[in-house]
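Report on the following structure.
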Amino acid sequence: MEGPWIANPVNRERIRFLKHAADTHGETVQFETRMDAGGIVGAEHIHRIQESRFEVLGGTPGFCVGGRRFTLKPGDILTVPARTPHYYWNDGPAEAHMLIEFSPALRTEEFFRSYFALAQQGKTSLTGVRNLFQRAVLQAAYFNESHPVRPPTPTQFLLMALAPIGRLLGYRAVLEPVGDPVQPDAAAPPRAA
């Protein structure tokens, strides 16, 4: 079942979930993303135990995978193995449109919903969550789903040690974003289910 569009105003991206973990018995989660010109998922990150698959439906998204930079076009498919540093951006003047899948699903949908909620509240930048305690709580909860490449992993474990203090201060890992009232073009080409 397709979910509502949710927006991250910081990286200029909208997503909606198409396949949920519960739909696939935890095998995969899939969402559609539309990124405005100039949009970027700026922090280089890894998914410790998940493979990521990107299928380009429109536009020209740029990627940096394992230190190698390149641009994709409609019809291209990119698979990023687990533990591979990567990030992406819109490399063209038109909206970039992709299907993204993560396998296994883990709590990826929950992570994205929470991260987008923080972005909507003005609590993120292109490099991550601004508040140290909120960052610690989020990273401790979703370390398997996604975490930045920098700072080095030992430093990130020290950061996550602050998570109990962050929770005592009222910071939470699970947050709900507001649905995006701006719907993408209804004339967009249909996609495979």
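Values in this text are rule-based calculations from the coordinates and carry no lab data. Everything numeric in this text was worked out from a predicted model, so none of it was measured. Note that we place each Cβ from the backbone using ideal geometry, even for glycine, and neighbour counts take in every protein chain shown.
Here the stretch 112-128 is the region considered, the condition is being surrounded by fewer than 21 Cβ atoms within 10 Å (Cβ to Cβ) and of a type outside the set (Gly, Ala, Ser), and the residue that is nearest to residue 57 (Cα to Cα) is 113. Does residue 121 count as out of contact with any strand residue (DSSP E or B) (no Cβ under 7 Å at 6 or more places or on another chain), closer than 20 Å to residue 15 by Cβ and polar (S, T, N, Q)? So residue 121 passes the test. Residue count for the stretch 47-62, restricted to those that are crowded, with 19+ Cβ neighbours inside 10 Å, under 14 Å from the mean Cα position of the chain (by Cα) and of a type outside the set (Gly, Ala, Ser): 3.
Whenever a residue of the stretch 144-161 is in contact (Cβ under 8 Å) with a residue 40 or more places away in the chain, its partners that are of a type in the set (A, V, I, L, M) and surrounded by 16 or more Cβ atoms within 10 Å (Cβ to Cβ), lying with C-beta atoms within less than 7 angstrom and at least six residues away or across chains, give the pairs 144/106; 145/106; 147/46; 148/43; 149/46. For the stretch 72-90, the condition holds for at least one residue, the condition being that it is aliphatic (A, V, I, L, M) and surrounded by fewer than 17 Cβ atoms within 10 Å (Cβ to Cβ). The set of residues from the stretch 13-39 being surrounded by fewer than 19 Cβ atoms within 10 Å (Cβ to Cβ) and closer than 25 Å to residue 68 by Cβ comprises 36, 37, 38. You will find that of 38, 26, the residue that is touching a residue at least 60 places away in the same chain (Cβ under 8 Å) and at positive phi is 26 and no other. Within the stretch 13-26, can you find the residues that are farther than 15 Å from residue 177 by Cβ and of a type outside the set (Gly, Ala, Ser)? Across the stretch 13-26, the qualifying residues are 18, 19, 20, 23, 24, 25.
Among the residues of the stretch 41-79, those identified as within 21 Å of residue 126 (Cβ to Cβ), in contact (Cβ under 8 Å) with a residue 60 or more places away in the chain and assigned to a strand (DSSP E or B) are 42, 43, 44, 45, 46. Could you please let me know if residue 38 is closer than 17 Å to residue 101 by Cβ, of a type outside the set (Lys, Arg) and outside any helix (DSSP H, G or I)? No.
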